[in-house]
Amino acid sequence: MSRTIALTLGYNGGGFSGFARQPGQRTVQGDVESALKTLFRREVETVGAGRTDTGVHALGQVMSFRLDDEELTARSFERLRLSLNALTDDGITIHKVEAKPDDFSARFSAVHREYRFRFVFDEVEPLFLRPYVWWISTKQPPDIQAMKQAGAFLVGEHDFKSFCVTASALDKNTVRELYTVNLFGAEHLGEECVVMQIIGNAFLHSMIRVIAGTMADIALRKKPPEWMAQVLAARDRRAAGP
């Protein structure tokens, strides 16, 4: 008999070539699977709730996999968590290990996914937040109200072909549903930033980054909020921001 196990983990994506395993590349999934192989002396294939790109961080990524009952007999979930934290890269932290129903899949059982993208609009480069934000050097304060208006056009089920890598959209379904797009100011470690919070059912390759690039042009008043709706309707990556 075997059981489905789920990990909840966080990682600093700066040192990884994204989440998903790639031959010859250092990835989060590859590092976790290597640790599992060391512990159980066999290949353990995992499934992730979502793929993050190079340099993207996570606080609540979920991975699932199967283990035989015999493999769990001599190792509690807490001991497994401690062992995985010892064997994985310092940029990865396993927060929780738990059993799930047999039909659970980190990918297909996820009810939503959430991203938070942070901007800093300032002449002065941020000191503490620099690795975790997009710093846009400008004297002009961002128009957060315009960003909010633009974000409202993205809520709902739409074809987001304009907001993904062109090659990844070939012969693929690019319809996704966004439940929430929030824009708000925040302060972290004494430094101010603008947070873009997006919650949806799933995301396309580089979708958040392209939305952020489009949103930046609106924040700096290069484009009106209504431009976001025009970009969405175009279904063409060339219509969007950088």
Suppose every K and R has +1 on its Cβ and every D and E has -1 on its Cβ; what is the size of the dipole of the range 2-100 about the Cα centre, in Debye to the nearest 20? 60
Extent along principal axes [Cα atoms of the chain; Å; largest to smallest]: 61, 42, 30
Cross-link pairs beyond the 26 Å C-alpha cut-off, checked among Lys100/Lys161; Lys148/Lys172; Lys148/Lys222; Lys172/Lys222; Lys172/Lys223; Lys37/Lys172: Lys100/Lys161; Lys148/Lys172; Lys172/Lys222; Lys172/Lys223; Lys37/Lys172
Calculated from DSSP H runs of 4 or more alone, at -39500 (n - 2.57) each and per residue, what is the 222 nm mean residue ellipticity of the chain, nearest 500? -7000 deg cm²/dmol
Return the Cα extents of the range 27-151 along principal axes one, two and three, sorted largest first, each rounded to a whole Å. 62, 30, 21
Percent of Cα-Cα pairs per 5 Å bin, from 0 to the last occupied bin, for the range 113-239, please list those. 2, 11, 22, 23, 19, 13, 7, 2, 0, 0
Cα shape, the range 2-100, gyration tensor, a/c 1.5 rule: prolate
Could you pull out every whole DSSP H run in the chain that spans at least 20 Å of Cα extent along its own axis and averages -1.0 or higher on the Kyte-Doolittle scale? none
Based on Cβ point charges of +1 for Lys and Arg and -1 for Asp and Glu, what charge dipole magnitude is obtained for the chain about its Cα centre, in debye rounded to the nearest 20? 400
Quick check for me: using +1 on Lys/Arg Cβ and -1 on Asp/Glu Cβ, what's the dipole size of the range 141-242 about its Cα centre, in debye to the nearest 20? 360
Please work out the C-alpha center-to-center distance from the range 187-242 to the range 38-77 and express it in whole Å. 32
What does DSSP give for the chain in terms of the percent of beta bridges that are antiparallel, rounded to the nearest 5? 95
Got the relative contact order for the chain handy, in percent, Cα pairs under 8 Å and 6 or more residues apart? 19
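Where a number appears in this text, it was derived from the coordinates with a stated rule and is not lab data. Because the structure is a prediction, the values reported are computed rather than measured. Ideal geometry is used to build each Cβ from the backbone, glycine not excepted, and the neighbour counts take in all protein chains shown.
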